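For reference, the structure discussed in these notes is given below.
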Amino acid sequence: MASEENFMRVPAPTHKPRTVYTEAMEVFDRTADLIGLDKRVRLELEEPDYEHIFYVTAKLKDRLVPLSAEESQAFSDLSVTQVRNPDGLERLADGKIILNGRALLGSDVNIRRGHLRLPDGAVYQLVPGESQRFKAYRVQHNQARGPYKGGIRFHREVSLDLFKALAAEMTWKTAIAEVPFGGGKGGIQIDPRQFGREELENITLRFMYRLKGLIGPNIDIPAPDVGTNGEIMALMYRQYSDGERERHNLRGIVTGKDVRIGGSEGRVKATGQGVVYCIEDYYAERGESLKGKTFVLQGFGNVGSNAAQILSGMGARLLAVNDADGTVFNGDGIDVAALTAFVQDPKNLRRSVLGFPGAQRIEKKDLWEVPADILLPAALGGEITAEIAENIKVKLVAEGANGPTTPDADRVLQRRGIEMIPDIIANAGGVTVSYYEWIQNKRMERWTEAEVDQRLEFAMKRNYRIIRDISKNQGRRTDMHDSRRYTVGKEVDTRCAAMVLALKRIEAHYLLEGFSQ
Ligand code: NAD
């Protein structure tokens, strides 16, 4: 019979199914073996501290849903409803329109069987708003080095497994960036482009209402990620601090806020800027500059568009961009400022690069085969598969996105001699400046953009140099960095080298401080 202790112990799974999380942890396992990571530290890091799943409900607004041309025929003689206050109509990326009551105030409304024709000529069905439930998550992976820290993602394709992987990545990244945080990640299963402003506000407020008991400025600090931005962070701050006596002391509950309400100068561009500092340092080591280099980009959101603007300002040429809606190409170079203006134009409801007049449309599969110096994935995870890795025609991959390269693809890139700046260093600029924001909030200070950029550049290059030294097995001390503590006695690939740095820094906390019982 099993002893009580054996009976109580949760057995280790003998065969783990392959998931996003197990794939993301492959490099952890490989590196933990390589450096002989302390057994108990390994157990602590293999699974998150906490996995929260909860639900958020919200009452949606009335919508006008467009009919197809065929369906509209039944209403061919329906006359147009003149909209007195067009500001009350909010057009969504999916073609539907949020109908705010004020839109039709004072208008002569022609409704037949719940349908009306708008001045654009199309017939719409009026669908009353109903309550809807959304699944929400917060994974708190590890806090050995400081409060949990990580973004909030609003996206349709999220899961507990994905958030576990992203939260673990944050633990590694905060250690690499040398900021006093651990790792967390969360968000809501929702396509934010299908909801109106007020709806997103209500959903965000309700989300924070449920999250409030789990987080705090010294416990767990969210930030923007895919589908969220400074506006969402402002709402989260308001909801967290509403009615509190010392609400200004709580400003550090989220980072990535607008600079006018306690955000840091330089935070919006920080992740893109950090990627560029790494790329610049990569070329500087070879005695080269970014002038005349070409690059291909996936994702033109916060990270992608900012990296592209900075790279083009340094003389590099953008040849092709892909986003959720399509891909555009211009062999002579895409005008990044014009593309940014096109994407941010309020008439561009999808915020997409598709339709940009300064480039031609190509298929997504062709993006990967555009010859260039640099490929910069800055969209979602798992995009660079082994098949794509076999065909890409670039010399360097700089991972702006989290986990864009699958482990199989990673092996292909290594075999093909394509260099890699892995995500946990490449996109660490965002969390680094989030830390600067958090400190400024705590101290009630404001730093200039030049000060932020200078600190960020030093931090990114210093830690990236340690990683390159680990990779080359070249422990050394310079004015800027000291890598002697971290080398492992042989050369390793850069992704593994980055993980060595993360694990050694985290392990030190457990070994020196011990484990709380
Ligand atoms: P964002 O929402 O601002 O932009 C996302 C971009 O990806 C958009 O252009 C969108 O069209 C595109 N996209 C979405 N689905 C796609 C698909 N299926 N195929 C191609 N393109 C697609 O998000 P962001 O903040 O720029 O984040 C991008 C990546 O960078 C994510 O992996 C995120 O985790 C990572 N990251 C962001 C930050 C940050 O500070 N925002 C920090 C570190 C890492």
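No value in this document is a laboratory result; all are computed from the given coordinates. Everything numeric here is computed off the predicted structure, so don't read it as measured data. As a convention, Cβ positions derive from the backbone with ideal geometry for all residues, glycine included, and neighbour counts pool all protein chains shown.
Some notes on this structure:
- For Arg153, distant residues with modelled amide H under 5 Å away: Gly186, Gly187, Ile188
- Student exercise, region 250-391 dipole from Lys, Arg, Asp, Glu Cβ charges, in Debye to nearest 20: 680
- As computed over region 21-163, the Cα convex hull volume per residue (Å³): 160
- Normalised by 2.2 N^0.38 Å, where N counts its residues, the alpha-carbon radius of gyration of region 308-358 equals 1.08.
- Descending semi-axes in Å of the chain, equivalent ellipsoid built from Cα gyration tensor: 41, 29, 23
- Kirkwood hydrodynamic radius over Cα pairs of region 153-303, then Stokes diffusion coefficient at 37 °C and 0.692 mPa s, in µm²/s: 190
- Estimated [θ] at 222 nm from DSSP helical runs (n ≥ 4, -39500 (n - 2.57)) normalised by residues in the chain, nearest 500: -11500 deg cm²/dmol
- Region 355-444 - Debye-derived log10 I(q)/I(0), Cα point model, q = 0.12, 0.25 Å⁻¹: -0.46, -1.25
- Principal-axis tilt of helix 160-176 within the chain, Cα atoms, nearest 10 degrees: 50
- Shown here are the Rg and Dmax of the Cα trace of region 241-353, at 17.6, 58 Å.
- Two-decimal log10 I(q)/I(0) for region 265-317, as the Debye equation yields it once each C-alpha is a single scatterer, q = 0.17, 0.26, 0.28 Å⁻¹: -0.48, -1.02, -1.13
- A simple charge model with +1 on the Cβ of Lys and Arg, -1 on the Cβ of Asp and Glu and nothing else charged puts the dipole of the chain at about 700 debye relative to its Cα centre.
- Debye, to nearest 20: dipole size of region 65-161, +1 on Lys, Arg Cβ, -1 on Asp, Glu Cβ: 660
- Once the Kirkwood radius over Cα pairs is known for region 436-495, the Stokes-Einstein relation at 20 °C and 1.002 mPa s delivers a diffusion coefficient of 163 µm²/s.
- Residue order for Val254, Val20, Val397, fewest other beta carbons within 10 angstrom first, comes to Val20, Val397, Val254.
- Cα-based helix-to-principal-axis angle, 26-35 vs the chain, degrees rounded to 10: 20
- Per residue, the average separation of C-alpha pairs within less than 8 Å and at least 6 apart gives region 39-181 a relative contact order of 31 percent.
- Listed pairs Lys347/Lys442; Lys149/Lys293; Lys293/Lys442; Lys291/Lys365; Lys269/Lys504 exceeding 31 Å between Cα atoms: Lys347/Lys442; Lys149/Lys293; Lys293/Lys442
- Normalised contact order of the chain, rounded percent, pairs of Cα under 8 Å and 6 or more residues apart: 14
- From least to most packed, judged by other beta carbons within 10 angstrom and beginning with the fewest, Val109, Val41 follow the order Val109, Val41.
- Remark: region 133-229 projects, on average over all directions, an area of 5.9 nm² (convex hull of Cα atoms).
- Charge dipole of the chain about the Cα centre (unit charges at C-beta), most positive-ward option of Gly403, Pro192, Met444: Met444
- The alpha carbons of region 184-240 give a radius of gyration and a Dmax of 10.9, 34 Å, in that order.
- Highest-first packing order for the peptide set 332-341, 439-448, 290-299 is 290-299, 332-341, 439-448, based on the mean count of other beta carbon atoms within 10 Å.
- Diffusion coefficient, µm² s⁻¹, Stokes-Einstein with Kirkwood Rh over alpha-carbon pairs of region 394-491 at 25 °C and 0.890 mPa s: 159
- Overall shape: oblate for region 304-459, with the ratio a/c of the largest to smallest alpha carbon gyration tensor axis at 1.5 or above and b/c at least equal to a/b.
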